[in-house]
Structure formats: C-alpha cells, structure tokens
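Participant: Following this message is one structure expressed as structure tokens.
Readers should treat all values here as calculations from the given coordinates under stated rules, not as data from a laboratory. Just so it is clear, the model here is predicted, and its values are computed rather than measured. Using ideal geometry, Cβ is built from the backbone for each residue, glycine included, and neighbour counts are taken over all protein chains shown.
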Amino acid sequence: KGAIKEMFVPIDDYIDFSDPLFADMKEEMDLFQWKGKHYIIVNDVTGDNCVVIYNRDTMEENGLMDPAKLFEEGKWDWKAFQDSLQQFVDPENGQFGIDGWWFEAGLSATCGVPYIGLKDGKLVNNLKDPAIERLQNWMFELGTTNCVAIGVGDYGWTAMPNYIGEGKTLYYPCGAWALYNDTWKKDFGENAMFVPMPKDPNASEYYIPCGLDGYVMVKGGKNPEGVAKFAACKRVTITNERANEIATEQLYKDYGWTDEMVNMLHKCHEMAKANPHYDFYTAVSTDVKDILDSNENGIRAASKGQTQWSESVGVINSAIDAYLADANG
C-alpha cells in the first residue's frame, strides 16, 4: 500500500544484495518487487504467524491422535484435521471445533496460492484459481458440519481461548505470540501444544502462513543510508548463534516452554524459510481489504457455512479486478 501510494521509496540503491548479510534474503526481497523495484528490507522470514494450538489432554480423553505425532509421521493434513474435528464436535454437549479470528487466513495459506498475488511487479487476482476454490469449498464443508465455532450458532463472536484448557474446544489457530508469555497455561492448560497449520494434500509443498521481520524506507527520509546500516545490524543479531541461543533460553526460562514446543517452533521457522509466500489482499487498499475480509462475501464467508465461494466470487471479482487495475496503473 505504501509503495502504491509512493509513501515508500525503493531500497535498491541502499542495500547490496550480494552482501553476505543480505544474500540469503534476496529471494524473499524479490517477492516484494513493485514495478521493478524492491521495497522491503527483509531481515528474516518466520513461521509463527499462525499455528494450531490444542491441548493434549483433550486429545487423549477423546481418543484422538496427537497432532504433533501426526505431524512427525507426515500425516498432519487437511483430512487429519477435519477427521479429528468431526469426531470431537458436539455443540449440544458443549464440544466445539475451531475458535479464533485467524484460522481462515491461516488455512488459506496452506494451498500456496494467495488471494492477491504479486507477479512481475504487478498485483494479480487469484480468486478464481482452482486451488483457492478447492480450499474455500473445504472451508465451506467445515462450516456446514459444525466444525467452526466462532461466529456460528450460539457460540457468538467472542474468542474463548480458555476453552482449550477446559477441554471444550479442540483447536485454536493463532499466532504463536499467544504463547510468548508466562500466563499461557491459564488459557490453554498445562498440557498445551501446537503444530503448524495442516498441509494441503494437493499442494506441491508444505506451505504455512509466513511472517517477516523487515523495514521500509519512507519517502523524504533524511537518512536512508542509516536505515540500511540499522537493517544490517539487525541481520547480524538474527544470524548470530549466541543471540539465537538467548532467545531460545527465554522460551524456557520466561515462558515455561518444553523442549518439544521449542523444537516445534524452530521447525515452523524452517518450513517458512523453505517456502516463503505472502498474500497481499490486506496490503493493496482499504477497499480491497474490506471486501476480502467481509463475513458476507469475503474469505471468511464460506467457513461460516452461509455462502459458497463461487457465489462470493460472482459478487466481488469484478470489483477486485477494478481496484487492482487502478493500483497497477
């Protein structure tokens, strides 16, 4: 959005992509080219943007396979995710499926195709892509079989993370930041664990939601060289083995994490770095974001079991095309 509105300036004159500090991030920075120029200094790609938080006691008490075990065996995919939900969910008896505000975007990322992509320096509308349609049809199935709790039926629109610890809700897809504190056990329980979002069985790779650490340069900034130097310092800390050890120690000492949780987080980061990808639907304009975030015809509609994706696309596609055409110039 900032590049489109010329609020930011390209970084190409200030970052040496052949510098060993930044060479490993060149591929990621290429993902953010706009009209032939790079606009984001990518310091790091992270895999903690959205994970599936659950409680192992709930799994065991209901005869369900531990998702971490399924992940280890290469069996943690859409089917395993859905099968466990359908075995557990029973709203009449207070057992709910998916809670939280982030699961639609989190699941969407697993198909590897963004709703709004960036290709050859141009924004691209992928709403009619077969992978997106397949994903949305699957989320509609989840919505129509009571697998989605929040926003459906009597559950209401308030997220209930404490239901994970109480054994009332099976999955809470959310950023791992929800576990970056010393109070997470109050919500998620002593035996909480997390795994990456489930794999799309039809995708060529195991895609998960990716985050990034990075900087942009503001138009009119007085010291772009200083920004580049600051980014270089950040890269030094990210690539420094001792700094990473200190960050890991914090997970144990301050947050009370287990070895298994730490190893899973590192695995998520590895997966994100192996297949970095980003969706730009929230980054084009407020109009595009509002349309695609809508519960009526946006990416969330199907999961509510109310509107099929084909119907939503018929309503919103031409408007999205027009907004992208305007942004592309």
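Participant: Per-residue HN-Hα couplings for the stretch 106-114, Karplus 6.51 cos²θ - 1.76 cosθ + 1.60 at θ = phi - 60°, whole Hz, x for Gly and Pro?
Facilitator: Result, ordered by residue: x, 5, 4, 4, 5, 7, x, 10, x Hz.
Participant: Using the Karplus curve 6.51 cos²θ - 1.76 cosθ + 1.60 with θ = phi - 60°, what ³J(HN,Hα) values do you get for each residue of the stretch 83-92, in whole Hz, with x for Gly and Pro?
Facilitator: Whole-Hz 3J(HN,Hα) from phi for the stretch 83-92: 4, 5, 4, 5, 6, 8, 5, 7, x, 5.
Participant: For a test of the definition: using alpha carbon positions, the gyration tensor, and the 1.5 limit on a/c, classify the stretch 171-303 as rounded, prolate or oblate.
Facilitator: Verdict is oblate for the stretch 171-303.
Participant: Using modelled backbone amide H atoms (1.01 Å from N, in-plane), which distant-in-sequence or interchain residues come within less than 5 Å of His38's amide H?
Facilitator: Placed amide hydrogens put Ile11, Asp12 under 5 Å from His38.
Participant: Kindly write out, for the stretch 138-146 in residue order, the coupling ³J(HN,Hα) from the Karplus curve 6.51 cos²θ - 1.76 cosθ + 1.60 (θ = phi - 60°), rounded to whole Hz, with x marking Gly and Pro.
Facilitator: Karplus-based 3J(HN,Hα) across the stretch 138-146 equals 5, 5, 4, 5, 4, x, 7, 10, 6 Hz.
Participant: Now for a separate question. What order do you get for 7-18, 231-242 when each peptide is scored by the mean count of other beta carbon atoms within 10 Å, highest first?
Facilitator: Working: 7-18: 16.1, 231-242: 14.2.
Order by mean packing, descending: 7-18, 231-242.
Participant: Now for a different question. Cβ neighbours within 10 Å, averaged per peptide: list 123-132, 48-57, 313-322 in order, most packed at the top. Each step should come with its number before you reach the end.
Facilitator: Details: 123-132: 16.7, 48-57: 22.9, 313-322: 14.7.
Per-residue mean Cβ counts within 10 Å order the peptides as 48-57, 123-132, 313-322.
Participant: Ok, one more. Between Asp154 and Tyr215, 0.36 nm times their residue separation minus their Cα-Cα distance comes to what?
Facilitator: On the way: separation 61, 0.36 × 61 = 21.96 nm, distance 4.27 nm.
Length gained between Asp154 and Tyr215: 17.7 nm.
Participant: Under a point spin-label approximation (7 Å from Cα along Cα-to-Cβ), what is the Glu245-Lys69 distance to one decimal in nm?
Facilitator: Going by the 7 Å Cα→Cβ label model, 3.5 nm.
Participant: Treating only the Cβ atoms of Lys and Arg (+1) and Asp and Glu (-1) as charged, compute the dipole magnitude of the chain about its Cα centre; round to the nearest 20 debye. Could the numbers behind the result be given before it?
Facilitator: Values: 29 positive and 51 negative charges, 174 e Å.
Its charge dipole is roughly 840 debye.
Participant: Are any of the pairs Lys186/Lys234; Lys35/Lys219; Lys5/Lys37; Lys234/Lys273; Lys229/Lys267 more than 24 Å apart by Cα-Cα distance, and if so, which?
Facilitator: Violating the 24 Å limit, Cα to Cα: Lys186/Lys234; Lys229/Lys267.
Participant: In deg cm²/dmol and to the nearest 500, what is the mean residue ellipticity at 222 nm of the chain if only DSSP H runs of at least 4 residues count, each as -39500 (n - 2.57), divided by the residue total?
Facilitator: Values: 14 runs with 135 residues, N = 329.
Counting only the DSSP helices, I get -12000 deg cm²/dmol.
Participant: Another question, if that's okay. Could you state the orientation-averaged shadow area of the convex hull built on the Cα atoms of the chain, in nm² to one decimal? Each step should come with its number before you reach the end.
Facilitator: Numbers: hull surface 68.7 nm².
Across all orientations, the chain yields a mean hull projection of 17.2 nm².
Participant: Taking a spot 7 Å from the Cα of Lys267 along the direction of its beta carbon, which residues of the stretch 54-88 have an amide N less than 13 Å from it?
Facilitator: Those under the cut-off are 66-77.
Participant: For Met160, list long-range residues whose amide hydrogen, built 1.01 Å from N in the peptide plane, is under 5 Å from its own amide hydrogen.
Facilitator: Gly100
Participant: Sticking with this structure for a sec: Considering only DSSP beta bridges whose two residues both sit in the chain, what percent are antiparallel, to the nearest 5?
Facilitator: On the way: 22 of 26 bridges.
Within the chain, antiparallel bridges account for around 85 percent of the total.
Participant: Given H placed 1.01 Å from N in the peptide plane, which residues other than close sequence neighbours of Val148 have an amide H under 5 Å from its amide H?
Facilitator: Ile98
Participant: A follow-up question, please. Helix 259-274 versus the longest principal axis of the chain: what angle, 0 to 90°, nearest 10, using Cα atoms?
Facilitator: Rounded to the nearest ten degrees, it is 50.
Participant: Taking the Cβ-Cβ separation of Cys233 and Glu92 as r and a Förster radius of 41 Å, what is the calculated FRET efficiency to the nearest 0.05?
Facilitator: Values: r = 57 Å, r/R0 = 1.38.
My answer for the efficiency is 0.10.
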